[in-house]
Amino acid sequence: MTVDRRTFLRSGLLAGSAASLTRTLPASRRDDAPSIRAIQRRRIPKTGELLPVIGLGTSRTLNVDPSGDHPALREVLQGFLDWGGTCVDSSPMYGNSESVVGALLGQLGRQDLFYATKVWTDKGKQAGIDQMEQSRQRMGPERFDLMQVHNLVGLEEHMPTLEQMKAEGRIRYLGVTEMRDWETVEKLIVSDKLDFVQIPYSLGERAVEARILPAARDHGVATLIMRPFVRGQLFQAVKGKELPGWAAEIDCTSWAQVFLKWLLGHPAVTCPIPATSKPHHLHDNMQGGVGAVPDTALRARILEEVVG
């Protein structure tokens, strides 16, 4: 059988078999179902705090009317929490996403997240401070777990502010996100100013392998991985391909899980943050945080078979 993401999910393998069903529906919704298996966790290098290995991105997927009723999105966030997920990453750049996170959490009566967002303004120090306070009001935490300078915008103005906020306990961790200026990112990593760096990394985007990931590992900087599926392009690369036999060796039943576990096989990767608005994709992604991960040899084989 061909098992690309669409075919796999449509086939019912995730939601149809008894064994899988108990992992995709929480016990609170099914009297006869055990709890979902919690995903694995990895340590944040600077503190040793454990962070679940699959997070939730919000770019595009949560940019909807925050006053509306969004049952599918509510189910996504509930499922994420049921799996043991905590890291939800947003940004003022993502439209209404911060407000939607806050609204959904209010509906669910939950606040137990690892709250991550960004400061994204080139209007100076005070504009950054005001924006971060607005983000706090929208998402709802007493303080952010992680505040990041988004795409290095206003870096020189915002980094001293973040350092002061961390020293005063108003944020717990600080970081940056970036898509291409690897020279600046590497300098920040080796300066030991960062707790986290958020970067694009996947089977289809591997520029950070050369210097950024090794630097992060050497200097104890945690990594959030954006674009783990290259916005769906990886699924096109495997369209029509059967899931190979080696997938079972790393407890994978879909290509999405293979792509996520390939990332988790790298020792410098802390937490990929795939974004989705679909509950069935959420459960598929979270399963990527359970079970074995590929070793170096299998990662090379996966790369060859998927990308060539």
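The values are calculated or read from the model by the stated rules, or taken from the named source; none is laboratory data. For clarity, every value in this text was computed on a predicted model and none was experimentally measured. Note: ideal-geometry Cβ built from the backbone for every residue, glycine included; neighbour counts use all protein chains shown.
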Go through region 185-205 and give me each residue that's farther than 12 Å from GLN148 by Cα and not in a loop (DSSP other than H, G, I, E, B).
VAL185, GLU186, LYS187, LEU188, ILE189, VAL190, PRO200, SER202, GLU205
Confirm whether GLY84 is of a type outside the set (D, E, K, R), closer than 25 Å to GLN131 by Cα and surrounded by fewer than 20 Cβ atoms within 10 Å (Cβ to Cβ).
no
Which residues, counting only those in region 73-116, are touching a Gly at 6+ places or on another chain (Cβ under 7 Å), small (Gly, Ala, Ser) and touching a residue at least 60 places away in the same chain (Cβ under 8 Å)?
GLY85
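Here is a yes/no grid of residues against (1) among the β-branched types (Val, Ile, Thr); (2) surrounded by 15 or more Cβ atoms within 10 Å (Cβ to Cβ); (3) at pLDDT 95 or above; (4) over 25 Å from LEU62 (Cβ atoms):
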site	(1), (2), (3), (4)
PRO214	no, yes, yes, yes
ASP218	no, no, yes, yes
LYS239	no, no, no, yes
ILE273	yes, yes, yes, no
ASP284	no, yes, yes, no
VAL293	yes, yes, yes, yes
ALA300	no, no, yes, yes
Would you confirm whether any residue within region 177-184 is of a type in the set (A, V, I, L, M), part of a helix (DSSP H, G or I) and more than 19 Å from CYS87 (Cβ to Cβ)?
no
Could you tell me whether any residue of region 49-72 is in contact with a strand residue (DSSP E or B) (Cβ under 8 Å, 6 or more places away or on another chain), free of Cβ contacts under 8 Å to residues at least 24 places away in the same chain and not hydrophobic (A, V, I, L, M, F, W, C)?
yes
So the check is Cβ under 6 Å with 6+ separation or different chains; which pairs have a first residue in region 140-155 that's touching a residue at least 12 places away in the same chain (Cβ under 8 Å) and a second one that's of a type in the set (Lys, Arg) and surrounded by fewer than 20 Cβ atoms within 10 Å (Cβ to Cβ)?
ARG143/ARG170; ASP145/ARG172
So VAL269 ticks every box in (1) over 13 Å from the mean Cα position of the chain (by Cα); (2) under 30 Å from LEU73 (Cβ atoms) but one. Which box is left unticked?
(1)
Residues that are under 19 Å from GLU178 (Cβ atoms), touching a Gly at 6+ places or on another chain (Cβ under 9 Å) and small (Gly, Ala, Ser), drawn from region 217-275:
ALA222, ALA275
Would you confirm whether or not region 190-212 contains a residue that is more than 19 Å from the chain's Cα centre (by Cα) and buried (at least 17 other Cβ atoms within 10 Å of the Cβ)?
no
Between LEU174, LEU234, which is over 22 Å from ARG42 (Cα atoms) and crowded, with 18+ Cβ neighbours inside 10 Å?
LEU234
